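The values are calculated or read from the model by the stated rules, or taken from the named source; none is laboratory data. Computed from a predicted model, the values in this text were never measured in an experiment. No Cβ is skipped: glycine too gets one built from the backbone with ideal geometry, and neighbour counts run over all protein chains shown. These area figures cover heavy atoms from the full protein model, side chains too; ligands, DNA and RNA do not enter into them. Shrake-Rupley method; radii C 1.70, N 1.55, O 1.52, S 1.80 Å.
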Amino acid sequence: MAQAIPDFVGNQYSRGTPENEVHRYQYGFSSHTDRVNPALIAYPRDVSDVTKAILFAKRHGIAVALRTGGHQYSAASSTIGDNIQLDLSNTFLELEDQGNARVRVGISFSLSKFNRKLGKLGYFVPHGQCCHVHVGGHAQTGGYGQLGRSFGLFGDHIVEIHFVDANGAANPAGCAPSSSSSRSSAEALATSQY
C-alpha cells in the first residue's frame, strides 16, 4: 500500500483499496488499463494540498500525474508504479468576473459548467464540444474546438496561468496574446457575446 501524504487535508486512496479501484477509472480506461494504476490517488482541497503532494513526490523521487476530468485518451492523466495521481476535478471551482470581459476561472470546471457560467455573464470563449472535459486538461492541450478558425483556440484567450512548480512554489505566469489574433483576449470576449 502506498504511503499517505502527511498533513494532506483532502482524501487519499492507496492502490489495493476498494476506493482506489473506483477512483482510478477514467475515460480511455478500457484501452489503457496498463497505464491507469496509480499507487495513490489524492484529491487536494486547495493549493496547500497540491504543494504538499508535489514536495512529497519530490522527496520520494516519484512522479505526479494531474487529472482534472480524466478524458485524456492515452491515459496520460494517470500513472503506474509508485507514482501519485492528483485529481483536481473538484479542487478549483471558482469563477470570478474581473470586469473588462475577463474572468478568472478554476481548472476544475467541466466545459459545460464553464460555458453556462460564462453565458450568465454574457461572455463567450471558443472551446471544444465534449461537455465533460475539464478546463485544466482542455487548456493545456490548446483547446481545439469547432470555432477555432473564427475565434482561435481556447488557449489563445488565456492571459495568465497559476501553477505550483516542482519546488512547491505557487506562481502566476503571464501569457502573451496570440500573434495570429488581431484583437486582445478581452476584445475577443467582449465582441463575441451571444
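Scanning region 141-194 for residues that are assigned to a loop (DSSP other than H, G, I, E, B), of a type in the set (Ser, Thr, Tyr) and at pLDDT 90 or above gives a single hit, 144.
Based on this model, can you work out whether residue 9 counts as in contact with a Lys or Arg (Cβ under 6 Å, 6 or more places away or on another chain), open to solvent by 20 Å² or more (accessible area, probe 1.4 Å), within 19 Å of residue 169 (Cα to Cα) and in contact (Cβ under 8 Å) with a residue 12 or more places away in the chain?
Details: in contact with a Lys or Arg (Cβ under 6 Å, 6 or more places away or on another chain): yes; open to solvent by 20 Å² or more (accessible area, probe 1.4 Å): yes; within 19 Å of residue 169 (Cα to Cα): yes; in contact (Cβ under 8 Å) with a residue 12 or more places away in the chain: yes.
For residue 9, the condition - in contact with a Lys or Arg (Cβ under 6 Å, 6 or more places away or on another chain), open to solvent by 20 Å² or more (accessible area, probe 1.4 Å), within 19 Å of residue 169 (Cα to Cα) and in contact (Cβ under 8 Å) with a residue 12 or more places away in the chain - is met.
So which of 111, 55 ends up being hydrophobic (A, V, I, L, M, F, W, C) and under 28 Å from residue 131 (Cβ atoms)? Exactly one of 111, 55 is hydrophobic (A, V, I, L, M, F, W, C) and under 28 Å from residue 131 (Cβ atoms), namely 111.
Only one of the numbered conditions (1) over 30 Å from residue 61 (Cα atoms); (2) in a helix (DSSP H, G or I) is violated by residue 138, and that is (1).
Among the residues making up region 111-124, a single one is touching a residue at least 60 places away in the same chain (Cβ under 8 Å) and crowded, with 20+ Cβ neighbours inside 10 Å: 124. Meeting the requirement of 3 or more residues that are touching a residue at least 12 places away in the same chain (Cβ under 8 Å) and open to solvent by less than 10 Å² (accessible area, probe 1.4 Å), the strands (runs of 3 or more DSSP E) wholly within region 29-110 are 40-42, 84-87.
Within region 126-167, being in contact with a helix residue (DSSP H, G or I) (Cβ under 9 Å, 6 or more places away or on another chain) and of a type in the set (Asp, Glu) holds for 156, 165. Residue 139 meets the conditions (1) touching a residue at least 60 places away in the same chain (Cβ under 8 Å); (2) more than 22 Å from residue 48 (Cβ to Cβ); (3) within 15 Å of the chain's Cα centre (by Cα) in every case but one. The failed one is (1). Number of residues in region 136-153 that are within 12 Å of residue 107 (Cβ to Cβ) and aromatic (Phe, Trp, Tyr): the value is 0.
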